[in-house]
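See structure below.
The values are calculated or read from the model by the stated rules, or taken from the named source; none is laboratory data. From a predicted model like this one, the values you see are computed outputs, not experimental measurements. Ideal geometry is used to build each Cβ from the backbone, glycine not excepted, and the neighbour counts take in all protein chains shown.
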Amino acid sequence: MAGLLAGKVAIVTGGGSGVGRAACLLFAAQGARVAAADIDLDAAEQTAQEVARRGGEAIAVACDVADAAAVESLVARTVEAFGRLDVMYNNAGITTRAGQPFLEASDDDLYRLTAVNVAGVIHGCQSAIRQFRRQGGGGAIVITGSVAGLIGFGGVVYGASKGAVTSLVRTLALEVAPEGIRVNAVCPAAMPTRFGGGALLDSPEARAHTARLHPLGRVVEPEECAAAALFLASDLASAITGVNLPVDGGLSAGRPLGAR
Ligand SMILES: NC(=O)c1ccc[n+]([C@@H]2O[C@H](COP(=O)([O-])OP(=O)(O)OC[C@H]3O[C@@H](n4cnc5c(N)ncnc54)[C@H](O)[C@@H]3O)[C@@H](O)[C@H]2O)c1
């Protein structure tokens, strides 16, 4: 199949919903064979079936990214199915209750969020890099960070986890650049997905308020985040590494002067 990822093999974590599901469909439409990985196997299977229905090739894999051994198995299962790995899209992430005051964040919230959003990304990077090395180098890692890792936006603990990802992208990119491995992130603003129960966008009023925060005057769609991830995963971005790319309708650019 022709396309930006023709002949490539990609893993997408959190592939059962939102950005991850959109990325599986888009990557497959662009020629990749895809492993849709999710803690929710039913959701991953639905994504894989939709890829197949559209003429693409995908497998569904159950994986909790907080579990290093499970992520290692995910890569092994993907290589067993498709023979190699070219793109690791570490997208799975969780948040705490929307609007949760900082002092109400429990240790359970803190440790689970860090385990998924930070350790989960690290596990994905480590397992992918091991496989890229077995293949002789090269390979693209893409991570879903957040605008909350670039500016103050939303919950403190969530923002701290995404800030860690922003830093990881830069430092890991430097370490593996000599091997031709690229590491980049997409940093979306609030999107209408199942994420956090969709609370920022769950009523017309909430959606209108959130839309007004963005200079483009609307919220970002998960397909737009997946499109940015596709660019970074593809050879179009062959000279790009260590970048945290905002996909945020201009939110992190600042505020315009004057009334609008
Ligand atoms: N939706 C937003 O407003 C928003 C904004 C900025 C960043 N993000 C980031 O986008 C990414 C994708 O979120 P989304 O909006 O598509 O949310 P979503 O809830 O629709 O999808 C997330 C998927 O990840 C899966 N998942 C959760 N924990 C997992 C784990 N431990 N291991 C494997 N899979 C797991 C879920 O089952 C779900 O299918 C996340 O990293 C999130 O932090 C989302």
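For (1) in a loop (DSSP other than H, G, I, E, B); (2) within 14 Å of the ligand (Cβ to nearest atom), each residue gets a yes or a no:
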{"position": "T193", "(1), (2)": "yes, yes"}
{"position": "A208", "(1), (2)": "no, no"}
{"position": "T241", "(1), (2)": "yes, no"}
{"position": "G249", "(1), (2)": "yes, yes"}
{"position": "P256", "(1), (2)": "yes, no"}
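Taking the residues in region 13-33 that are aliphatic (A, V, I, L, M), in contact with a strand residue (DSSP E or B) (Cβ under 7 Å, 6 or more places away or on another chain) and more than 22 Å from V219 (Cβ to Cβ) as candidates, determine which candidate is farthest from the ligand (Cβ to nearest atom).
Going through the qualifying residues, I end up with A32.
Scan region 95-108 for residues that are touching a helix residue (DSSP H, G or I) at 6+ places or on another chain (Cβ under 6 Å) and either at positive phi or surrounded by 14 or more Cβ atoms within 10 Å (Cβ to Cβ) (or both) and report the count.
Qualifying residue count for the region: 4.
Based on this model, can you work out whether L74 counts as within 16 Å of the ligand (Cβ to nearest atom), in a helix (DSSP H, G or I), in contact with a Cys (Cβ under 6 Å, 6 or more places away or on another chain) and closer than 26 Å to R182 by Cβ?
Answer is yes for this residue.
Filter region 138-167 down to the residues that are more than 18 Å from S252 (Cα to Cα) and over 14 Å from the mean Cα position of the chain (by Cα), then identify the one that is farthest from the ligand (Cβ to nearest atom).
Per the stated criteria, the residue is G138.
If you take the residues of region 114-132 that are of a type in the set (A, V, I, L, M) and more than 10 Å from the ligand (Cβ to nearest atom), which of them is farthest from the chain's Cα centre (by Cα)?
Restricting to residues being of a type in the set (A, V, I, L, M) and more than 10 Å from the ligand (Cβ to nearest atom), the top hit is I129.
Can you name every residue in region 219-253 that is among the charged types (D, E, K, R) and either modelled with pLDDT under 95 or crowded, with 21+ Cβ neighbours inside 10 Å (or both)?
Answer for region 219-253, where residues must be among the charged types (D, E, K, R) and either modelled with pLDDT under 95 or crowded, with 21+ Cβ neighbours inside 10 Å (or both): just D248.
One residue is enough: does region 148-162 have a residue meeting the conditions among the β-branched types (V, I, T), in contact (Cβ under 8 Å) with a residue 40 or more places away in the chain and within 21 Å of A23 (Cβ to Cβ)?
no
Could you run through region 47-61 and say how many residues are assigned to a helix (DSSP H, G or I) and either closer than 19 Å to V142 by Cα or more than 10 Å from the ligand (Cβ to nearest atom) (or both)? Steps first, answer last, please.
We begin by selecting, within region 47-61, every residue assigned to a helix (DSSP H, G or I); these are 47-53.
Narrowing the set further to residues that are either closer than 19 Å to V142 by Cα or more than 10 Å from the ligand (Cβ to nearest atom) (or both) leaves 48-53.
Final tally of qualifying residues: 6.
Residues of region 8-46 being more than 14 Å from V142 (Cα to Cα) and assigned to a strand (DSSP E or B), which ones?
Of region 8-46, the ones more than 14 Å from V142 (Cα to Cα) are 8, 16-18, 21-22, 25-26, 28-46.
R33, V34, A35, A36, A37, D38 - these are the residues of region 8-46 that are more than 14 Å from V142 (Cα to Cα) and assigned to a strand (DSSP E or B).
Just to check your reading of the model, which residue among A185, A177 is in a helix (DSSP H, G or I), of a type in the set (G, A, S) and either surrounded by fewer than 17 Cβ atoms within 10 Å (Cβ to Cβ) or touching a residue at least 40 places away in the same chain (Cβ under 8 Å) (or both)?
Values: A185 fails: in a helix (DSSP H, G or I).
Of A185, A177, the one residue that is in a helix (DSSP H, G or I), of a type in the set (G, A, S) and either surrounded by fewer than 17 Cβ atoms within 10 Å (Cβ to Cβ) or touching a residue at least 40 places away in the same chain (Cβ under 8 Å) (or both) is A177.
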